[in-house]
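The values are calculated or read from the model by the stated rules, or taken from the named source; none is laboratory data. Just so it is clear, the model here is predicted, and its values are computed rather than measured. Here the Cβ positions follow ideal geometry from the backbone for every residue, glycine too, while neighbour counts run over all protein chains shown.
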Amino acid sequence: MIRFENVSVTYDGTAEPAVQGVDFEVPEGELVLLAGPSGVGKSTVLGAVGGLVPHFTGGTLRGRVTVAGRDTRTHKPRELADVVGTVGQDPLAHFVTDTVEDELAYGMESLGLAPDVMRRRVEETLDLLGLAGLRSRPIATLSGGQRQRVAIGSVLTPHPEVLVLDEPTSALDPAAAEEVLAVLQRLVHDLGTTVLLAEHRLERVVQYADQVVLLPAPGAAPVLGAPADVMAVSPVFPPVVDLGRLAGWSPLPLTVRDARRRAAPLRERLAGREIPRPAPPTALLPAPPALGTAPRRPRLRAKPAPGPTAAPAPYAAEVRSLAVRRDRVQALRHVDLTVSPGETVALMGRNGAGKSTLLSALVGLVAPTSGTVRAEDAVPHRTAPRDLVRRVGLVPQEPRDLLYADTVADECAAADRDADAAPGTCRALLTELLPGVTDDTHPRDLSEGQRLTLALSVVLTARPPLLLLDEPTRGLDYAAKARLAGILRSLAAEGHAIVLATHDVELAAELAHRVVLLAEGEVIADGPAADVVVASPAFAPQVAKVLAPRKWLTVAQVREALA
Amino acid sequence: MPATDPEATGTTPPAGPPTRPAGSRAPWAARVAAGGAPQARRSAPTPLHPGAWWLWALALGTAATRTTNPLLLALLVAVSAYVVISRRPHAPWARSYGAFVKLALAVLVIRLLFTTVLGSPIPGTHTVVTLPEVPLPDWAQGIRLGGRVTAEGLAFALYDAMKLATLLICVGAANALANPSRLLKSLPGALYEMGVAVVVALTFAPNLIADVQRLRAARRLRGRHDKGVRGMLQVGLPVLEGALERSVALAAAMDARGYGRTARVPAAVRRTTAALTLGGLLGVCAGTYGLLTAAGGTYGIPVLVVGLAAALGGLWLGGRRTVRTRYRPDRWDARAWLVTGSGAAVAAALFLAAARDPAALHPGVVPLVAPSLPLWPAAAILVGLLPAFITPAPETAAKEPS
């Protein structure tokens, strides 16, 4: 169905080809996973299928790509629209119209299908993707998971024979990701659609793949094979494979079920051993300078402050019965949350549960409708930004928003000025966290993970005791994720309180002391990571599922215990 | 709070690894059913044709041009505002109503300010205040700065400005009630690609505003002030950069989804299309020229008609090149007739009233009298409320994305 014949792609202005020696065939009706670390050209390979590479991106494509017998060299993307449906990384960039129903119909309208066929397929697709209740909603008001489903639906309606998806589940909560994958599974089984998808979160998709195409390194030829065989040699692998490699299982298990069936001896070996837990925080950060300006309105104290007033605030962040209403929607209600210095808290919950709103409230972007928010001694939404950066720092979902300058050096200099830090502070932090980035690099040219680290360094320049991260692992490969986890762990050890909103259960398992589950703007669970995460199947990491009932969370713990 | 959002009210996510049979619809069904948002699940009645909203609003605006009676104008504003409030959807474009109301108020204020400062041609005896008059050189004869401000002058300016303000508010009502992109869908096939360009531009503006808000929030995170002109300027470049990147991505996505596919039409048809369109446009030009010059009075009209017909023929033939079909085009149904009719009735009634009883519709300012409410034109204006009762109510509650 899809055939790559010795394809190499060289973009204009680069000496090395982005991919080369790509030579494989995807038979009809298979679900093929494209895996590999960041920057190996996965998106390039996906783009070549729909003809967007090179027709839209420029560059030179050598070799031949054929889809359903059509050569992409002679067929423009629009002439392949009836056989290939492509969904890019950002669903928002994909939408042409403004409501769900129109969006589903758009592709069919372009292809000139008959009105009654269009009507039937729109209804079918609305049901298939669970979008019936949203049919007339403006797309701008949808949550991330809903948008992703609409984007997939919009390319499904013309009934393409090939579906190409770039990171379809990265932005989704575990349940929504399962839904999307179940839909893909159903398309492959019922309609015989050929699916080619790239995904960093292999633990979510690898068990559905019929074949895996691995791009091991930039410029290296792809490895094609059965998932278990490829995972044995892959530089990127899900935790269950990691566990399998550690235990020496062969063939490697790809699903929790396979692993569990083989895990009995391992469970026995681990039975008597202590589960290593992250050490409780000991270090304390120096207190931030006193607030420069007094808050405009005098704060009323319910009771006189007990004891010596000079004592540092016991919590890095304190939220009491917080409610936030935004635009007629009750985003948060009665939220109580305290974060101690040195503690790492993971906020989890489905898309739209209020995680981002809670982070925004902690950093003063959103004023509470009722209740109180405090970050150390400051009330965030009433504190001047200059003072606030020394108390709370937020790395937003899109780290690029924080970066304005043209070069890394300028960005760091600006960060030093913003934070009143000694010149060179930010640059020193960056070098420590991410060696090998030159001063004159444009922030846009950094990889996803590098950009995140730069934004993190910018935020850390002010040394805020409370660090917030919104969805930090989106688009990161396992290596970048491990590096981030290491950085955050050492920050916590220094005494930073860290709150991360994430869908990534593996990251939460690895880092968090505590997990707070949000649903519909309420806290529905708050407790030690091991307890909360294991109690809910959707949020349990793979290792916990394999080694239940004991609460092992990560492969690193198992490795440490066995050592 | 009532359960209004299907996604948010779903119960705990389905358990275990997703090894459910491929044909099972359980997860979605469960989510939708458990969501149980009654408003969302109720089968939505088809929305009104956007053209009907525009005609209704423009008819009210036309009615407003027939009178300067502030009571009638206020009634017109009240009628359109009531319909907007009860029937506008929770969509981004519906928020433009507030902007139009503000614009209308600005018109009032500016007009009154000008009358106060520059004086008014209306003779008056009731002096409200006397401003110091600025002596002007004699080349500026006829212009007065400052001086006497009379109640008559102010009343006249107010009435006049209210007329314009009402017109603006009526246009705002149409903007809030009718989805602009659905209106553009009613364009003929040959103009479709242009229509899409306009739709994309329309959806771009809200995205741009969202970008500005996001980047200003990010400025705050960097410890800079998020308010003021400087803050605005500094986010300008990243916002434009983002917009450019998004437009490239959108162009790629649209191309990949078949935008711009053309049907193969025989070369003869293609040539005929080009000839008809070009020839028609030339004919229109020549015909207009003929009409406007004294010499061409004889051939003007026939050439214009032939040119117009040829151009329309070219447009129709050109439509054959697009393979595009329409999904659920808005139908012009009985409700659309009623809505348009109610607007037209208001306009017709005021035209009639203006002819029959001009004094009631244009209350005098010299001598200054309190305007009275003419009974039957007022009753006729209330007919304009009809759409608030016969059109479907908008769906309730929209959930903010996280």
Worksheet item: Mind checking whether some residue in the stretch B:292-306 is within 25 Å of B:K185 (Cβ to Cβ) and of a type outside the set (A, V, I, L, M)?
Response: no
Worksheet item: Got a number for residues in the stretch A:181-196 being touching a strand residue (DSSP E or B) at 6+ places or on another chain (Cβ under 9 Å) and part of a helix (DSSP H, G or I)?
Response: 4
Practice prompt. Working carefully through the options B:A94, B:A63, find the one that is part of a helix (DSSP H, G or I), modelled with pLDDT of 90 or more, more than 30 Å from A:A544 (Cβ to Cβ) and of a type outside the set (D, E).
Written response: B:A63
Item to complete: Working carefully through the options A:L181, A:L165, A:L172, A:L187, find the one that is within 8 Å of another protein chain (Cβ to nearest Cβ) and of a type in the set (A, V, I, L, M).
Response: A:L181
Practice prompt. Take A:T453 and decide whether it is among the polar types (S, T, N, Q), in contact (Cβ under 8 Å) with a residue 12 or more places away in the chain and out of contact with any Ser or Thr (no Cβ under 9 Å at 6 or more places or on another chain).
Written response: yes
Worksheet, complete the sentence: Being basic (K, R) and surrounded by 15 or more Cβ atoms within 10 Å (Cβ to Cβ) narrows A:R261, A:R204, A:R269 down to just A:R204
Worksheet item: Only one residue in B:A161, B:A218, B:A176, B:A197 is assigned to a helix (DSSP H, G or I) and touching a Phe, Trp or Tyr at 6+ places or on another chain (Cβ under 6 Å). Which one?
Response: B:A176
Response to the item:
Those residues of the stretch A:110-134 which are on the phi > 0 side of the Ramachandran plot and either touching a residue at least 60 places away in the same chain (Cβ under 8 Å) or surrounded by fewer than 23 Cβ atoms within 10 Å (Cβ to Cβ) (or both) amount to A:G112
Fill in: Residues located in the stretch B:295-326, provided they are buried (at least 16 other Cβ atoms within 10 Å of the Cβ), part of a helix (DSSP H, G or I) and in contact (Cβ under 8 Å) with a residue 12 or more places away in the chain
B:G300, B:V303, B:L304, B:V306, B:G307, B:A310, B:A311, B:G313, B:G314, B:L315, B:L317, B:G318
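Table: residues versus (1) among the basic types (K, R); (2) in contact with a strand residue (DSSP E or B) (Cβ under 8 Å, 6 or more places away or on another chain); (3) more than 30 Å from B:T325 (Cα to Cα).
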residue	(1), (2), (3)
B:T115	no, yes, yes
B:S120	no, yes, yes
B:W139	no, no, yes
B:I143	no, no, yes
B:V149	no, yes, yes
B:A155	no, no, yes
B:I169	no, no, yes
B:A176	no, no, no
B:L183	no, no, no
Discussion item. Of the residues A:A384, A:A409, only one is surrounded by fewer than 24 Cβ atoms within 10 Å (Cβ to Cβ), within 14 Å of another protein chain (Cβ to nearest Cβ) and in contact (Cβ under 8 Å) with a residue 24 or more places away in the chain; which?
Written reply: A:A384
Worksheet, complete the sentence: Exactly one of B:A218, B:A275, B:A268, B:A251 is farther than 25 Å from A:L359 by Cβ and either surrounded by 19 or more Cβ atoms within 10 Å (Cβ to Cβ) or within 12 Å of another protein chain (Cβ to nearest Cβ) (or both), and that residue is B:A251
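Quick grid of which residues meet (1) surrounded by 20 or more Cβ atoms within 10 Å (Cβ to Cβ); (2) more than 14 Å from chain B (Cβ to nearest Cβ):
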position	(1), (2)
A:A497	yes, yes
A:H503	yes, no
A:E506	yes, yes
A:L518	yes, no
A:A525	no, no
A:V558	yes, yes
Practice prompt. Tell me, please, whether a residue that is in contact with a helix residue (DSSP H, G or I) (Cβ under 7 Å, 6 or more places away or on another chain), within 17 Å of A:V345 (Cβ to Cβ) and among the β-branched types (V, I, T) can be found in the stretch A:555-562.
Written response: no
Item to complete: Please indicate, with yes or no, whether at least one residue in the stretch A:167-175 is outside any loop (DSSP other than H, G, I, E, B), polar (S, T, N, Q) and farther than 26 Å from A:T10 by Cα.
Response: no
Worksheet item: Considering B:Y259, B:Y289, which residue is surrounded by 13 or more Cβ atoms within 10 Å (Cβ to Cβ), of a type in the set (F, W, Y) and within 12 Å of chain A (Cβ to nearest Cβ)?
Response: B:Y259
Item to complete: Could you grab me the full set of residues in the stretch B:120-146 that are outside any strand (DSSP E or B) and either of a type in the set (V, I, T) or in contact with a Ser or Thr (Cβ under 9 Å, 6 or more places away or on another chain) (or both)?
Response: B:S120, B:I122, B:P123, B:G124, B:T125, B:H126, B:I143
Response to the item:
The number of residues in the stretch B:221-246 that are outside any helix (DSSP H, G or I) and either closer than 24 Å to A:P91 by Cβ or within 8 Å of chain A (Cβ to nearest Cβ) (or both) is 5
Worksheet, complete the sentence: The residue that is surrounded by the fewest Cβ atoms within 10 Å (Cβ to Cβ), considering only those in the stretch A:70-82 that are part of a loop (DSSP other than H, G, I, E, B) and touching a Gly at 6+ places or on another chain (Cβ under 9 Å), is A:R73
Worksheet, complete the sentence: When the stretch A:80-121 is checked residue by residue, the ones that are more than 7 Å from chain B (Cβ to nearest Cβ), within 30 Å of the chain's Cα centre (by Cα) and of a type in the set (A, V, I, L, M) are A:V83, A:V84, A:V87, A:L92, A:V100, A:L104
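Filtering the stretch A:1-43 down to residues that are without any contact (Cβ under 8 Å) to a residue 40 or more places away in the chain and over 16 Å from A:V223 (Cα atoms), which residue is nearest to the chain's Cα centre (by Cα)?
Only one residue fits best here, namely A:T14.
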Practice prompt. Go through the stretch A:135-180 and give me each residue that's closer than 17 Å to A:L196 by Cα, without any contact (Cβ under 8 Å) to a residue 40 or more places away in the chain, over 16 Å from the mean Cα position of the chain (by Cα) and surrounded by fewer than 24 Cβ atoms within 10 Å (Cβ to Cβ).
Written response: A:H159
Worksheet item: If you scan the stretch A:207-235, which residues turn out to be part of a loop (DSSP other than H, G, I, E, B) and crowded, with 20+ Cβ neighbours inside 10 Å?
Response: A:A209, A:L215, A:P222, A:S234
Discussion item. Going through B:L145, B:L105 one at a time, which residue ends up being farther than 25 Å from B:L382 by Cα and surrounded by fewer than 17 Cβ atoms within 10 Å (Cβ to Cβ)?
Written reply: B:L145
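Can you say whether A:A367 is more than 8 Å from chain B (Cβ to nearest Cβ) and either of a type in the set (K, R) or surrounded by 24 or more Cβ atoms within 10 Å (Cβ to Cβ) (or both), as far as the supplied structure shows?
Here the answer is no, as A:A367 does not meet what is asked.
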Discussion item. Test of understanding: among A:T431, A:T441, which residue is of a type outside the set (A, V, I, L, M, F, W, C), in a loop (DSSP other than H, G, I, E, B) and either within 11 Å of chain B (Cβ to nearest Cβ) or on the phi < 0 side of the Ramachandran plot (or both)?
Written reply: A:T441
